[in-house]
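Notes follow once the structure below has been shown.
The values are calculated or read from the model by the stated rules, or taken from the named source; none is laboratory data. Keep in mind it's a predicted model, so treat the numbers as computed, not measured. Counting neighbours? That spans all protein chains shown, and the Cβs are built from the backbone with ideal geometry, glycine included.
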Amino acid sequence: MELKAKVVACSGRIEHFRKHGQRYRKKHLERRLCAAKEKGDAVAESRILAIIKNEKDRTFWRRLNYNLGKRKGGSIRSVQVESADGEIVEHNDKESMENVIFSEIHDKRFYLAEEAPICKGRLRGQFGYNADTVAARAVLDGVYEFSEDYHEATDQLFQQIAEIRELVPEGSVESIIDGVKWAESWRKSREGTSSSFSGFHFGHYMAGAQSEYLSNYHAVKTSLALMRGVSLSRWRHGLLCMMEKKVGSHLVSKLRSILLLEADMNKANKIIYGERMMNNIRRYHLMPEEIFSEKNRTADDGALAKILIFDIGRQLRTPSAIASVDASNCYDRIAHAIASLVFQAFGVDQSAAVSLDLEATDSFVAPFLAETFRKKCSNEAEYTPNR
């Protein structure tokens with residue numbers, strides 16, 4: 001009873017500081033600033049002043065954006081479908097909503113990548129779903145030969161993949177994740193991030209990061225999957241969330257589809273691709289310098305670059321243009337075989353490419369999708385890769 005009473009008291013204190021913490025933090029910074037002035041520590045004083053200014057600016061813009069910015073959509077309780085004659089039909093019960101989302105989202109949007117030439121006919125048989133075949137190795141080595149009915153754009157992609165492989169050594173992206181790296185990456189995460197249909201959420205791994213034993217256990221388990229090219233059964237399932245893209249619109253074609261992956265798979269993807277592979281790309285100077293979505297970059301850098309480009313164009317009297325292009329369903333159109341070849345060209349092990357992004361992606365929507373895909377193939381040989 002005493003422990004329960006203390007837990008209740010702590011929960012009350014946490015709730016109090018969640019509401020009024022900003023006021024206490026402001027007082028704390030002011031006390032530290034006074035202490036730095038009394039000590040004559042100019043460096044500490046300037047740093048504390050910078051923190052106070054940044055937090056003040058952040059609070060100002062947050063309030064301004066909240067009051068003047070666009071309204072944000074939330075979760076949905078019903079979906080609408082537009083019939084052939086233009087009539088809007090609304091579905092409110094669980095079963096009908098799931099059927100509509102499955103037919104309009106899963107059956108259509110999640111199969112857009114199958115329109116790629118590498119996902120059809122003889123190329124499907126040669127490369128399979130994950131590009132872990134003899135033909136894939138020939139592409140990476142630059143010795144693959146197309147037949148007479150080749151696809152020109154696919155041929156150009158294969159040539160670029162082979163050229164990248166010549167620059168980047170095979171397997172130069174490390175697939176083993178040690179306990180120290182695993183724990184360090186989870187300490188920076190946000191516990192409230194939604195994930196994991198299985199229930200192993202972010203807080204689970206953040207708590208494990210406090211233990212050396214648990215960190216090593218989770219890291220070894222993930223590393224074994226990467227090294228062996230297998231996906232855990234948990235990784236093959238995900239939770240699909242439908243959110244409003246436009247406030248008030250419940251048309252199923254206008255909804256935003258967000259798939260929540262398993263937390264450990266998501267973290268492994270971030271480490272392998274978001275950190276190690278990207279660092280490898282920069283090491284071999286394959287990342288264009290005009291990319292502004294990097295650490296310590298701001299929106300002002302991109303705006304200034306555009307102004308300078310136009311100024312130089314006017315001075316040199318050179319025709320120029322800048323386009324902001326938002327490709328529709330671009331991520332849903334990435335063929336997994338092409339993605340696997342690109343990852344391998346940039347130094348990712350074949351087993352890691354199969355384990356993380358591709359084989360798991362083939363089945364993370366639900367096991368019935370893989371069965372549906374097999375039924376859609378007119379010939380079973382088109383689905384089964386020739387090894």
Taking the conditions exactly as written (modelled with pLDDT of 90 or more and surrounded by 18 or more Cβ atoms within 10 Å (Cβ to Cβ)), does Arg137 satisfy them or not? no
Residue list for segment 225-236, restricted to those being crowded, with 16+ Cβ neighbours inside 10 Å and at pLDDT 85 or above: Ala225, Leu226, Gly229, Leu232, Arg234, Trp235
Looking at (1) assigned to a loop (DSSP other than H, G, I, E, B); (2) modelled with pLDDT under 70; (3) under 27 Å from the mean Cα position of the chain (by Cα), find the lone condition where Pro385 falls short. (3)
Can you tell me which of Ala113, Ala9, Ala35, Ala44 is hydrophobic (A, V, I, L, M, F, W, C), part of a helix (DSSP H, G or I) and in contact with a Cys (Cβ under 7 Å, 6 or more places away or on another chain)? Ala113
Filter segment 95-119 down to residues that are in contact with an Asp or Glu (Cβ under 6 Å, 6 or more places away or on another chain) and of a type outside the set (D, E, K, R), then give me how many there are. 1
When you go through Gly40, Gly86, Gly12 one by one, which is the residue that is free of Cβ contacts under 8 Å to residues at least 60 places away in the same chain, over 33 Å from the mean Cα position of the chain (by Cα) and within 30 Å of Leu255 (Cα to Cα)? Gly86
Quick check on segment 4-27. Is at least one of its residues acidic (Asp, Glu), under 30 Å from Thr298 (Cβ atoms) and at pLDDT 85 or above? no
Exactly one of Phe202, Phe127, Phe146, Phe110 is surrounded by 13 or more Cβ atoms within 10 Å (Cβ to Cβ) and touching a Phe, Trp or Tyr at 6+ places or on another chain (Cβ under 9 Å), and that one is Phe202
How about segment 184-212: which of its residues are closer than 25 Å to Ser233 by Cβ, outside any loop (DSSP other than H, G, I, E, B) and within 22 Å of the chain's Cα centre (by Cα)? Ser185, Trp186, Phe202, Gly203, His204, Tyr205, Met206
Could you tell me which residue of segment 217-255 is nearest to Gly199 (Cα to Cα), considering only residues that are in contact with a Ser or Thr (Cβ under 7 Å, 6 or more places away or on another chain) and hydrophobic (A, V, I, L, M, F, W, C)? Leu240
